[in-house]
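The values are calculated or read from the model by the stated rules, or taken from the named source; none is laboratory data. This structure is a prediction, so every number in the text was calculated from the model and none was measured. Every residue, glycine among them, receives a Cβ derived from its backbone with ideal geometry; neighbour counts consider all protein chains shown. The area values use the complete protein model at the heavy-atom level, side chains included, leaving out ligands, DNA and RNA. Shrake-Rupley method; radii C 1.70, N 1.55, O 1.52, S 1.80 Å.
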Amino acid sequence: MIAVFGHLNPDTDAITAALVYAHLLSRQGKEAQAYRLGELNFETAYVLAQAGVEAPPLLGELPAGSEVALVDHNESAQSLPGLKTLTVTHVVDHHKLGDLETPQPAALRFEPVGCTATILMRLHREAGLSIDASDARLLLSAVLSDTLHFRSPTTTPADREAVAFLAQVAGVSDVTAYALAMFAAKSDLGDTPAERLLKMDYKVFAFAGHQWGLGVIETTNPGYVFGRQAELIAAMEAERAASGLDGVLLSVVDILNERNRMLVPAGSEGVVQGAYGAATAGQVADLGSRISRKKQLVPALEAYFAAHP
Ligand code: MN
Ligand code: MN
């Protein structure tokens, strides 16, 4: 049995890719089961409810040597603790290659596209398999989520083509309305504790020996998030201390206006200035239209720490 899962602090792509890839592997004669490595965010919960699909079960520890398939990630810091003791048999991902190691030859599929779902659609085509309406809705939702409905600079023509195709199969006639409903669900944060808000879309990266946590809150209602700025900064400082990180940054991305204002705890202003050329005032740095962690935020930090090791 291959356990299929996306990254920690799962987003819509991490959850739907696990479900659809496990289904695809099963149809290809491999026993596979989808799992998640954390709580669903509000957008993903909305997407699964719309599709009438249950969330995959939470994955606990696996015995050493267990076969696993990684989707939407490949770095051990973003995966199940103890990944290095497991046997990675498959990876489907659209992120930079990190510290992946496989004890046996593995089936690896990486493409520089906006979403794992776009690659999964291609895998179905290459296998000559149709995509059912439910899987199509899951994949459609993931592309809309990861690309912020084509607003993100990570968007490629392949992602646009995937949305056009999948919307038809899923029977979603008004894609714009559906995307807005997803983003509204994601932005309805209610009284979610600040620690949870920080971790909802959060990844740890190693830059030349420096460990940084980078959170993103994508929202149609940034005013709500900034209303909780003090709590969030406190949660970021607590997380940095608890996890022994060098820094924690949190991007508040205004989806509809494509603008990123980053929360910067005291002591990290110099790194933000050096990496992004952005001054911090009142613990907020305006990063303008740089809204993609993968394509803009992480590479700038990588370059900065390469020059300042
Ligand atoms: Mn993801
Ligand atoms: Mn993704």
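How big is D, in µm² s⁻¹, for the stretch 175-288 by Stokes-Einstein at 10 °C and 1.306 mPa s if Rh is the Kirkwood radius over C-alpha pairs?
Values: Rh = 14.5 Å.
For the chosen part, D equals 109 µm²/s.
More than 18 angstrom separation, counting every C-alpha pair in the stretch 248-304; what % is that?
In whole percent, the share of Cα-Cα pairs in the stretch 248-304 beyond 18 Å is 22.
Diagonalise the Cα gyration tensor of the chain and give the resulting equivalent ellipsoid semi-axes, square root of 5 times each eigenvalue, largest first, whole Å.
Semi-axes, largest first: 31, 23, 17 Å.
With each pseudo-label sitting 7 Å past Cα toward Cβ, what's the residue 87-residue 108 distance in nm, one decimal?
1.9 nm
Springs between alpha-carbon atoms under 10 Å, Gaussian network over the chain: tell me which of 253, 216, 272 tops the mean-square fluctuations.
Of the options given, 272 has the highest mean-square fluctuation.
Which one of 56, 206, 116 is farthest out on the positive end of the charge dipole of the chain, using unit charges on Cβ (Lys, Arg +1; Asp, Glu -1) and the Cα centre as origin?
Final value for the positive-end residue is 116.
Roughly how many whole Å is it from the C-alpha centroid of the stretch 241-309 to that of the stretch 1-80?
29 Å
Accessible surface of residue 186 in the full protein assembly, 1.4 angstrom probe, to the nearest 10 Å²?
So the heavy atoms of residue 186 present about 30 Å² to solvent.
Could you list the square roots of 5 times each eigenvalue of the Cα gyration tensor of the stretch 45-140, that is, the equivalent ellipsoid semi-axes, sorted largest first and rounded to whole Å?
Over the Cα atoms of the stretch 45-140, the semi-axes work out to 25, 18, 13 Å.
Going by average Cβ density within 10 Å per residue, which order do the peptides 148-159, 118-129, 56-67 take, highest to lowest?
My ranking of the peptides, most packed first, is 148-159, 118-129, 56-67.
Heavy atoms only, probe 1.4 Å: what % of the accessible area of the chain goes to carbon and sulfur, would you let me know?
52 percent
Ignoring ligands, DNA and RNA, what accessible area per residue does the stretch 268-309 give at 1.4 Å, in Å²?
The answer is 45 Å² per residue.
Per q in 0.12, 0.14, 0.19, 0.24 Å⁻¹, report the Debye log10 I(q)/I(0) for the stretch 1-82, using one uniform scatterer on each alpha carbon and no solvent.
After summing over all Cα pairs, the log10 values are -0.31, -0.42, -0.77, -1.17.
How much of the DSSP bridge set in the chain is antiparallel, in percent, rounded to the nearest 5? Walk me through the intermediate numbers first.
Working: 16 of 41 bridges.
Here the antiparallel bridges make up roughly 40 percent for the chain.
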